[in-house]
Amino acid sequence: MKPARTHAAGPAGRPPSPGRDRQDALLGCVIMASGEGRRFGGSKLMADFGGRPMLEWVLDAAEGIFSRWVVVTRHPDIKILCQRRQVPVVLHGLPSRSDTVRLGLTAVGLDLSGCMFCPGDQPLLSRESVRAMAQCAAQDPEHIWRLAYSGEAGAPVLFPQWAFSRLMALPPGKGGSVILGEYPEQVRLTSARRPYELRDVDTPEALKDLEGCLRR
């Protein structure tokens, strides 16, 4: 498999046409907040992290960067949090990750140039990294953009418009990794400055460990 290219914040790969300015690209963001938190023992996104619900850190990282955004969740307490912050939210009762992807993409609109899918359990994701990914996608909207550190790719992932039809028809229980596996040559990486930006929280122990990074 050919390795994906890495970029700090600029364009790369195959633009739609030579020299075309795509700074006006219409980008969206879906924050994935539907997990049941089985390993955590409950709704982890409302767990305290540095004195605030963990999800609020992710909202802070993405707010104001995208033309449209939405939080997709199965949890009423998360809906209340989003409404308090005036963040668009979809509350649903469907079981699969593929449902969350489909509902989120429908909510932000299929007319976008690209859409980022961002886990709600990466509280140390920085605005700097989110903005860099959006800038990369605006300048090169034909590729899939992933956040990475030292060449190791993770989430968030920003998919271009050509991938939307595949995202809308994912197999039950599957996520965007299906498309990443099918089109590795289309993946480009945006570098995070800190390794812990890509770390997610699955257990109370992981939460405590990641909170230690706040003091670094």
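Every read-out reported here was derived from the displayed coordinates using simple, explicitly stated rules and does not represent laboratory data. Just so we're clear, the structure is a prediction, and the values are computed from it rather than from any experiment. Neighbour counts are summed over all protein chains in view; Cβ atoms, including those assigned to glycine, are modelled from backbone coordinates with ideal geometry.
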### Burial ranking of peptide ranges 138-149, 71-82 (average Cβ count within 10 Å, highest at the top)
138-149, 71-82
### Query
How high is the FRET efficiency between ARG194 and ASP48 when r is their beta carbon distance and R₀ equals 22 Å, given to the nearest 0.05?
0.55
### Query
Given H placed on each backbone N at 1.01 Å, which residues far from CYS29 in sequence or on other chains put an amide H within less than 5 Å of it?
ARG68, TRP69, VAL70, MET116
### Task
List every residue whose amide H lies under 5 Å from the amide H of THR190, counting only residues 5 or more places away in sequence or on a different chain, with H placed 1.01 Å from N in the peptide plane.
HIS7, ARG146, LEU147, ALA148
### Message
List the residue ranges in the chain for DSSP H helices whose C-alpha atoms run 15 angstrom or more along the long axis and whose Kyte-Doolittle average is -1.0 or above.
### Response
97-108, 127-139
### Query
Which aspartates and glutamates does LYS174 reach when only Cα atoms under 15 Å apart count, and residues fewer than 8 places away in its own chain are ignored?
ASP99, GLU182
### Task
Let me know the Rg and Dmax you get for the chain when you use only its Cα atoms, in Å.
16.4, 51
### For the chain, share of DSSP beta bridges that run antiparallel, in % to the nearest 5
30
### Task
Tally the DSSP beta bridges in the range 70-182 and give the antiparallel ones as a percent, rounded to 5.
75
### Query
Residue separation times 0.36 nm, minus the C-alpha to C-alpha distance between MET168 and GLU128: what's the value?
11.5 nm
### Query
Out of SER165, LEU147, LEU214, whose Cα points farthest toward the positive end of the dipole of the range 132-216 (charges: +1 Lys, Arg; -1 Asp, Glu; placed on Cβ)?
LEU214
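Rg to Rh ratio, the range 79-139, alpha-carbon atoms and Kirkwood radius?
Working: Rg = 13.3 Å, Rh = 13.6 Å.
Using Cα coordinates only, the ratio equals 0.98.
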### Query
Where a ≥ b ≥ c are the square roots of the eigenvalues of the C-alpha gyration tensor, would you call the range 114-172 rounded, which needs a/c under 1.5, or, failing that, prolate if a/b is larger than b/c, or oblate?
oblate
